[in-house]
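Single-structure report; data block below.
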Amino acid sequence: MSEELATQTEALSLENKETILTTKEDFTAKHPLNNKWTLWYTKPQVNKSENWHDLLKPVITFSSVEEFWGIYNSIPPANQLPMKSDYHLFKEGIKPEWEDEQNAKGGKWQYSFGNRREINATINDLWLRGLLSIIGETIEDDEDEVNGIVLNIRKQVIKIGIWTKDCDETKLKTVGERLKKVLKLAEEQRVEFTSHDASNDKNAKPQIVL
Amino acid sequence: MVKYTEEQLIEIKPEAYTPQPEILDEFNKLVESVTLEFAEKGARRNHNGDSFIDEHGNERTYNYLNRRRGSRSGARPLKKKAQEVEVDDDGWATLTKHKKSFSDEAVDERDQFREAVRSEPTKVKISNKKMGSSKAVDSRDTVADKHTNTFNAFEALDD
């Protein structure tokens with residue numbers, strides 16, 4: 001009888017079983033995200049021997065809200081990045097390149113802030129709002145179109161763009177409209193969607209303008 | 001599917017946890033090195049790497065001496081007119097010189113003036129004052145060259 005009981009309760013043993021309290025990382029991850037996200041950084045070219053692949057570097061991957069804040073507090077804010085730098089936050093496994101299978105058929109919603117002096121004071125807040133809408137996944141409903149968000153720091157402009165999986169207009173409008181709200185844009189300030197294919201052509205007109 | 005609104009995410013901010021701080025430290029160092037490199041490059045561009053020691057013994061750069069004209073001075077370079085092409089009845093295309101701003105009458109007048117000037121030899125008066133050098137003429141030379149008619153009493157007595 002006792003042998004039978006022992007075999008039956010073996011599965012209930014707590015020994016050698018991992019729980020949420022086993023590792024520090026799990027313990028702190030009280031608010032898990034739907035997806036794992038990777039932060040990438042494009043380092044500006046310092047000498048001409050460096051090519052795009054040398055410059056684009058994955059920094060860190062996270063999967064909880066707590067980790068997001070830990071990382072966000074530890075890295076330079078948007079307005080302190082050197083010129084020609086980019087931050088990219090993409091779903092784990094997707095490289096922030098047009099060539100990536102997940103991006104190849106897609107495009108990006110983008111807005112360029114032209115007045116550098118003015119935007120320097122507000123870019124940190126706007127970029128944070130963009131990040132929160134991406135990791136919280138409120139930038140879209142259930143379309144699952146968004147692959148990531150990009151910040152480009154340039155001499156004349158600062159750009160924020162949302163990269164999508166494809167170019168289906170019906171699915172993309174929600175993302176565009178929400179991006180406008182996230183970036184606190186006025187009605188006359190237009191966000192533009194351009195497919196990655198068309199981005200190669202400098203004269204190409206945007207596919208959707210909102 | 002769990003979604004977090006902006007407000008919900010901000011509420012969790014105090015519970016921030018930094019995973020792999022050593023990686024983030026490395027990343028910060030990388031960004032800092034790029035910023036420094038850019039700052040040095042900018043400074044080098046301004047003063048060409050030249051410096052001098054000032055009266056207090058501090059090394060200073062000549063950046064205020066090597067300023068270039070601003071690219072946005074407001075003065076736009078005049079665009080040269082493109083040459084016009086004239087096609088005659090036979091289909092030959094010829095480049096035509098663009099017309100000068102003066103009319104045919106003005107051209108005639110100009111030619112007449114040139115002719116008149118060519119036929120009359122002009123007398124040129126040279127003035128020391130108007131010579132290229134602004135330096136005063138040596139006064140001793142002036143005395144030596146001067147032709148003087150002076151009254152000689154002894155010569156007068158001979159008459």
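For region B:79-92, 3J(HN,Hα) computed residue by residue from phi via the Karplus equation (6.51, -1.76, 1.60; θ = phi - 60°) reads 7, 6, 5, 6, 5, 7, 10, 10, 10, 8, 4, 7, x, 7 Hz, glycine and proline entered as x. Contact order for chain A, expressed relative to its length and based on alpha carbon pairs under 8 Å spaced 6+ residues apart, stands at 20 percent.
Neighbours of A:Ser49 by Cβ distance under 15 Å: Lys/Arg scored +1, Asp/Glu scored -1, total -1.
Using a Debye calculation, one point per C-alpha and no hydration shell, please list log10 I(q)/I(0) for chain A at q = 0.08, 0.16, 0.18 Å⁻¹ in order. For chain A at q = 0.08, 0.16, 0.18 Å⁻¹, log10 I(q)/I(0) is -0.35, -1.11, -1.39.
A crude spin-label estimate for the pair B:Ile53 and B:Lys81, with each label 7 Å from Cα along the Cβ direction, gives 6.3 nm. Take each residue in B:23-35, count the other chain C-beta atoms within 10 Å of its C-beta, and the mean is 5. Legend: residue pairs A:Lys30/A:Lys91; A:Lys57/A:Lys159; A:Lys57/A:Lys202, Cα-Cα distance threshold 22 Å; pairs beyond threshold, A:Lys57/A:Lys202.
Every number in this text was worked out from the coordinates using simple rules, so none of it is lab data. This one's a predicted model, so the numbers in the text were calculated from it and none came from an experiment. All Cβ positions, glycine included, derive from the backbone under ideal geometry; neighbour counts span all protein chains shown.
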